[in-house]
Amino acid sequence: MAEVTDLIRARKRQDQIFNIIGLVCTFVGILALAVLLFDLAMDGLPRINWQFLTSAPSRFAHKAGILSALVGSLCVMIVTMATAVPLGVAAAVYLEEYAPKNWFTTIIEINIANLAGVPSIIYGLMALGLLVYGLGLKRSILVGGLTLALLVLPIVIVATREALRAIPGVIREAAYAAGATKWQVVRYHLLPYSLGGIATGTIIAMSRAIGETAPLITIGALTYISFLPPSPFQAKPPFVNAQWLDSQFTVLPIQMFNWISRPTSDFHHNAAATGLVLIVFTLAMNAVAIYVRYRVRQKLKW
Amino acid sequence: MSASRPTTRAGAVAASRTDYASSGQLKAEVRGLNFHYGQRHALKNVDLPIPERTVTALIGPSGCGKSTLLRCFNRMHDLYPGNRYEGEIILQPSGVNILSPSVDPMEMRLRTGMVFQKPNPFPKSVFENVAYGLRLRYVKKRSLLDEKVEAALRSAALWDEVKDRLHQSAFKLSGGQQQRLCVARALATDPEILLLDEPTSALDPIATSRIEDMVFTLKEQVTILMVTHNMEQAARVADFTAFMYLGELVERGTTSQFFQNPQNELTEKYLTGSFG
């Protein structure tokens with residue numbers, strides 16, 4: 001019997017060793033984030049006030065603000081979301097529910113997987129070549145949003161496909177057995193039940209897009225923008241317009257890059273403050289994603 | 001295989017249950033059905049008459065093709081690629097061949113109701129679950145919906161238990177209640193045939209006996225074809241029982257004759273537990 005207890009002790013020791021290694025590995029990540037946040041906060045927090053959030057950039061660091069970048073990021077995100085979500089969800093539904101299993105579908109799937117691995121600057125070059133030179137669009141919010149939409153499309157597609165796959169086959173069969181068409185099954189079952197997964201995927205895609213810099217630089221977002229896009233609302237009917245889509249823009253990470261590349265430390269504080277705002281945005285979006293996922297899991301237990 | 005021929009020596013009990021000598025009362029008739037899952041020949045030359053307003057039970061060991069046969073009736077196999085039917089299932093009184101390529105699978109699913117092995121209610125309210133088939137038919141009138149839903153829930157012996165919580169999630173019901181809800185969902189659209197695929201395999205004995213009682217009453221309204229892994233269940237609720245083995249229909253007869261005096265050696269062996 002002594003052998004058995006020895007054996008158990010040896011195996012428990014292995015367990016503990018791995019436990020410790022795992023803990024250390026986990027802390028490397030957490031610690032890095034904590035140091036990063038702390039450093040940013042030390043530099044940037046004193047700079048964050050109402051003036052900073054509501055002023056345009058300026059050549060005086062203490063007068064400069066991030067309003068135009070903030071509004072730019074917001075506008076670009078709206079375009080990105082309005083493009084990536086319908087395209088991504090439709091593509092995912094097609095691939096999961098409609099596509100026949102053949103070589104053509106396989107090629108599409110491989111391409112989508114590869115799309116997720118393309119360096120983001122390549123998307124910027126594509127936007128410049130195709131959208132700006134090819135289609136003759138301006139270097140505008142529209143082009144920026146479309147570029148980022150392409151960039152995050154694979155994320156939306158993959159998340160939606162996962163959500164669709166999580167719906168049990170017996171639910172589909174129950175609906176089909178009642179005489180539903182494919183579209184009715186998609187519309188009244190699959191989309192509603194996968195909404196949580198789609199929402200989470202969308203938010204994760206958006207928090208990826210909001211931090212992207214490289215693809216926007218190629219379309220001219222690295223520039224001094226001290227004005228806001230024209231208001232989408234007007235006094236005359238139809239009371240809304242889309243002129244803001246054509247406006248030049250900059251975004252938060254580019255504003256940050258702009259300031260960090262200047263020699264004076266005052267601007268570096270501005271950059272740190274911008275970084276903080278960006279991180280708060282991202283964390284807030286992730287928090288929403290986690291909450292949505294939690295709510296949906298509570299409601300839909302298969 | 002002569003098992004499908006109606007026998008004349010039906011027991012007195014069975015004869016009083018159903019007068020099935022008159023062939024005009026057939027609801028459906030399977031003739032020379034072969035079914036392939038890709039390369040796999042899953043049903044081999046199956047013949048089976050289904051008399052109207054009776055319960056026909058399909059029994060046999062796992063993988064014998066009983067569920068496969070059931071799912072031919074509402075063309076569920078059409079949902080997956082590579083499946084192939086040969087032969088016919090004639091639906092009476094119209095004489096339509098269910099398996100004909102010219103018949104839209106959707107039509108057969110609208111004309112039949114199906115209940116699955118595990119309860120699979122939709123994550124919607126009790127009411128919306130039962131009303132689902134009606135909504136697919138664009139029934140909008142509230143009074144008609146209410147009436148049909150109540151009738152279906154009463155037929156499924158569930159009304160008294162859920163009438164006060166029609167608008168709560170169906171997931172809050174117990175397993176047995178969920179399964180009866182699935183029966184109600186299938187019944188709400190007045191199907192011509194009710195297909196039950198091992199409806200009690202995931203349920204406890206009490207829930208099982210409630211489903212069995214319900215099936216026994218339901219056959220006054222609708223023709224029922226039921227797959228079961230449980231021989232006693234077939235003996236309790238079915239008017240006719242068919243035994244399948246390795247994709248073939250070995251024997252079919254009135255339940256009393258089938259259990260008391262099986263004609264085929266294989267059937268007898270299965271019933272006595274020598275294999276299966």
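Of all residues in segment B:75-123, those satisfying the criterion of being aliphatic (A, V, I, L, M), more than 14 Å from chain A (Cβ to nearest Cβ) and out of contact with any Phe, Trp or Tyr (no Cβ under 7 Å at 6 or more places or on another chain) are B:Ile90, B:Leu91, B:Val96.
For first residues located in segment B:154-168 and over 14 Å from B:Gln178 (Cα atoms), partners that are of a type in the set (A, V, I, L, M) and surrounded by 18 or more Cβ atoms within 10 Å (Cβ to Cβ) and lie 6+ apart or on another chain with Cβ distances below 6 Å form the pairs B:Ser155/B:Leu187.
Each row is one residue, and each column tells you yes or no for (1) farther than 18 Å from A:Tyr176 by Cα; (2) assigned to a loop (DSSP other than H, G, I, E, B); (3) in contact (Cβ under 8 Å) with a residue 12 or more places away in the chain.
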{"position": "B:His77", "(1), (2), (3)": "no, no, yes"}
{"position": "B:Ile90", "(1), (2), (3)": "yes, no, yes"}
{"position": "B:Ser94", "(1), (2), (3)": "yes, yes, no"}
{"position": "B:Ser100", "(1), (2), (3)": "yes, yes, yes"}
{"position": "B:Met108", "(1), (2), (3)": "no, no, yes"}
{"position": "B:Asn120", "(1), (2), (3)": "no, yes, yes"}
{"position": "B:Gly133", "(1), (2), (3)": "no, no, yes"}
{"position": "B:Val149", "(1), (2), (3)": "yes, no, yes"}
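Would you check if B:Leu48 is surrounded by 14 or more Cβ atoms within 10 Å (Cβ to Cβ), modelled with pLDDT of 50 or more and touching a Phe, Trp or Tyr at 6+ places or on another chain (Cβ under 7 Å)?
no
Filtering B:Leu145, B:Leu153 for residues that are buried (at least 21 other Cβ atoms within 10 Å of the Cβ), away from chain A (no Cβ under 14 Å), in contact with a helix residue (DSSP H, G or I) (Cβ under 7 Å, 6 or more places away or on another chain) and among the hydrophobic types (A, V, I, L, M, F, W, C) leaves a single hit, B:Leu153. The sole residue among A:Ser68, A:Ser73, A:Ser55 that is free of Cβ contacts under 8 Å to residues at least 24 places away in the same chain, among the hydroxyl-bearing types (Ser, Thr, Tyr) and in the same structural domain as A:Ile141 (by TED's automatic domain parsing) is A:Ser55. Candidates are the residues of segment A:53-69 that are part of a helix (DSSP H, G or I) and surrounded by 22 or more Cβ atoms within 10 Å (Cβ to Cβ); the one that is nearest to the other protein chains (Cβ to nearest Cβ) is A:Ala69.
Yes or no, residue by residue, for (1) within 20 Å of the chain's Cα centre (by Cα); (2) at pLDDT below 85:
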| position | (1), (2) |
| --- | --- |
| A:Ala34 | no, no |
| A:Phe38 | no, no |
| A:Pro57 | no, yes |
| A:Leu67 | no, no |
| A:Leu70 | yes, no |
| A:Ala82 | yes, no |
| A:Leu95 | no, no |
| A:Ala99 | no, no |
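Starting from residues that are aliphatic (A, V, I, L, M) and not in a helix (DSSP H, G or I), keep the ones in segment A:154-182 and report whichever is nearest to B:Arg109 (Cα to Cα). Ranking the candidates gives A:Ala178 first.
Could you go through segment A:135-151 and let me know if any residue there is farther than 26 Å from A:Gly117 by Cβ, of a type in the set (Gly, Ala, Ser) and within 14 Å of another protein chain (Cβ to nearest Cβ). Within segment A:135-151 (the criterion being farther than 26 Å from A:Gly117 by Cβ, of a type in the set (Gly, Ala, Ser) and within 14 Å of another protein chain (Cβ to nearest Cβ)), the answer is no, since none of the residues qualifies. Here A:Glu109 does not qualify as within 14 Å of chain B (Cβ to nearest Cβ) and charged (D, E, K, R). In this structure, B:Val139 does satisfy being more than 18 Å from the chain's Cα centre (by Cα), under 19 Å from A:Arg187 (Cα atoms) and more than 10 Å from chain A (Cβ to nearest Cβ). Each residue in segment B:72-90 was checked for being buried (at least 22 other Cβ atoms within 10 Å of the Cβ) and touching a helix residue (DSSP H, G or I) at 6+ places or on another chain (Cβ under 8 Å), and 5 pass. When segment B:177-202 is limited to residues that are closer than 21 Å to B:Val55 by Cα and free of Cβ contacts under 8 Å to residues at least 40 places away in the same chain, the one that is nearest to the other protein chains (Cβ to nearest Cβ) turns out to be B:Asp190. Of A:Leu151, A:Leu87, A:Leu142, all but one fail to be touching a Lys or Arg at 6+ places or on another chain (Cβ under 9 Å) and not in a loop (DSSP other than H, G, I, E, B); the exception is A:Leu151.
With the condition kept exactly as written, say whether any residue in segment A:179-196 is touching a residue at least 24 places away in the same chain (Cβ under 8 Å), more than 30 Å from B:Gly133 (Cβ to Cβ) and either out of contact with any strand residue (DSSP E or B) (no Cβ under 8 Å at 6 or more places or on another chain) or crowded, with 18+ Cβ neighbours inside 10 Å (or both).
No, that holds for no residue.
For segment A:19-50, a residue qualifies if it is surrounded by 13 or more Cβ atoms within 10 Å (Cβ to Cβ) and over 20 Å from A:Ile279 (Cβ atoms), but none of them does. Assess whether A:Pro215 counts as being within 14 Å of another protein chain (Cβ to nearest Cβ) and in contact (Cβ under 8 Å) with a residue 24 or more places away in the chain. Answer is no for this residue.
The values are calculated or read from the model by the stated rules, or taken from the named source; none is laboratory data. Just so it is clear, the model here is predicted, and its values are computed rather than measured. Using ideal geometry, Cβ is built from the backbone for each residue, glycine included, and neighbour counts are taken over all protein chains shown.
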